[in-house]
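Reading through the structure tokens given below for one structure.
Every number here is computed from the coordinates shown, using simple stated rules; none is lab data. Since this is a predicted model, take the numbers as computed values, not measurements. Every residue, glycine as well, gets a Cβ built from its backbone with ideal geometry; the counts of neighbours run over all protein chains shown.
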Amino acid sequence: MRVVHVVTAFPRSDDDVITPWLVKLIAAQRESGLDASVLAPAYRGLGARTVLGVPVRRFRYAPRPCETLTHDETVPDRLRRSPAYASLIPLYLAGGVRAGRRVGREAPDVVHVHWPVPHALIGAAARSASNGRSALVCTFYSVEIRWIEHRLRWLRPLLRWSIRTADAVTAISSETAARVRRLAEREVAVIPFSGAVWGENALVARESGRVEGPLRLLFVGRLVERKGVEYLVEALEHIRRERPAELTIVGEGEWGPVIRREVERLRLESHVRFTGYVPERRLREYYQTCDIFVLPAVVDSKGDTEGLGVVLLEALRFERPVIGSAVGGIPDIVRPGETGWLVPPGDPEAIAGAALEIAGDPGSALGIARKGRRFVEERFSLERVVAELTDVYRSAIRARRETRG
């Protein structure tokens, strides 16, 4: 089965750190016997090449110096910070549709579109160029739906069309699937594209639940508004009224100055460490040595929030107790009393209360973390994701054949 993934961004070289989950997924598909490849936009003129064992074709859409709409940050974030980039969108779509037609003439079995607005246009062009032989699969990640519902309502007809035109639709969480169904009534398969970032040998289980010294909290992710890290900083101040504690923040982003100001306001400079991005080896060490991992996500001013929460899966693979906000796709991972602690978004006192509960009964917390690890291995394993996606592809191919008669 030949599958072409249409994506916004894919690593530009073997040492590029973006979309590691997508690389792992496609590599696993190839190992399973699928002929999987990628169609992505160019970055500063970058052309076709094999990256981490995956064949990648790239479409040009602007002069080399201007081809920076994608890869460095998400397109919505790029447009919000620099509205002038909107002038590249028509060129991006034109270049993508042309490339889609070229792909379609090769008649792959499946064109798998990620972030269907606007990439469903590229997928539909490929299907048309294949004379209707290629099946179109669209996967939704929540951010595109929320962005349109809150900021770009005039694109809702395109969003609905992208759902209806697909031969099969998937979503990365139950919450995202529900949003898709509200827009267009149809079957949506919930397939979380995660849990594959760390290999089996990465797991280092904790032998004891005992917490010694300061309580070590960890956050990992891009420092953007929807992560809610400033609420975690405030929670640290509440925790420190009861016992010593420190926070490590791994990542970078535009919201960093807001978080640092909160640290300064609460006079926590000596108890909060900002590491920036770190190599995989160091990141493993942070997971291994933390006492609690926290993802304090919120719905941001654009209406965006966590589509799933991949970092929670990573932390659970290291058997660390996790605290997550009850928002977006996080409840698909964090089940109170079973896999972790769920708190209301934007509630520092609730975060602090959960952290102190974990610290007060570390043995029970370790037991929940171990249940969480088993849950992740069962529900979010790479093998399961590949198998479920393959089933969706087969269903889409059958639906396409029925449509063609």
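Counting only trypsin sites (Lys or Arg not before Pro) that are in a DSSP loop and have at most 13 other C-beta atoms within 10 Å, tell me the longest site-free stretch of the chain.
Answer - 45-185.
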Cα-based shape type of segment 276-372, given that a ≥ b ≥ c are square roots of the gyration tensor eigenvalues and the cut on a/c is 1.5: oblate
Sites Met1 and Arg281 - FRET efficiency at Förster radius 35 Å, r taken between beta-carbons, to 0.05: 0.45
Qualifying aspartates and glutamates (Cα of each under 16 Å from Cα of Lys24; at least 8 residues distant if same chain): Asp14, Asp15, Asp16, Asp35, Glu200, Glu280, Glu314, Glu377, Glu383, Glu388
Fewest-first ranking of Leu316, Leu159, using other Cβ atoms within 10 Å as the exposure measure: Leu159, Leu316
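With +1 assigned to the C-beta of every Lys and Arg and -1 to the C-beta of every Asp and Glu, and no other charges, what is the dipole magnitude of the chain about the Cα centre in debye, to the nearest 20?
Rounded to the nearest 20 debye, it is 1840 debye.
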Candidates Val386, Val298, Val17, ranked by Gaussian network fluctuation over the chain, Cα under 10 Å, top entry: Val17
Cross-link partners of Lys227 among aspartates and glutamates (Cα-Cα below 12 Å; sequence separation of 8 or more within a chain): Glu252, Glu254, Asp300, Asp304, Glu306
Kirkwood hydrodynamic radius over Cα pairs of the chain, then Stokes diffusion coefficient at 20 °C and 1.002 mPa s, in µm²/s: 97 µm²/s
Long-range amide H partners of Val190 with built H, under 5 Å: Ala171
Residues with amide H under 5 Å from that of Ala135, placed H, sequence gap 5 or more: Val110, Val111
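With only Lys, Arg, Asp and Glu charged, each at its Cβ (+1 for the first two, -1 for the last two), find how big the charge dipole of segment 200-379 is about the Cα centre; round to the nearest 20 debye.
Dipole magnitude for segment 200-379 comes out near 340 debye.
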Dipole-positive endmost among Pro336, Thr248, Thr289 within segment 200-379 (Cβ charges, Cα centre): Thr289
³J(HN,Hα) computed for each position of segment 277-282 - Karplus, 6.51 cos²θ - 1.76 cosθ + 1.60, integer Hz, glycine/proline x: 6, 10, x, 4, 4, 5
Cα centre as origin, Lys/Arg/Asp/Glu Cβ charges: segment 319-405 dipole, Debye: 680 debye
Cα gyration tensor category, rounded, prolate or oblate, for segment 200-379 with a/c compared to 1.5: rounded
Proxy reagent accessibility, fewest Cβ within 10 Å first, across Val311, Val258: Val258, Val311
Qualifying GluC sites (Glu not before Pro) for segment 110-189 [loop in DSSP, other Cβ within 10 Å: at most 14]: Glu185, Glu187
Nearest 10 degrees, 0 to 90: helix 20-31 Cα axis against the chain principal axis: 50 degrees
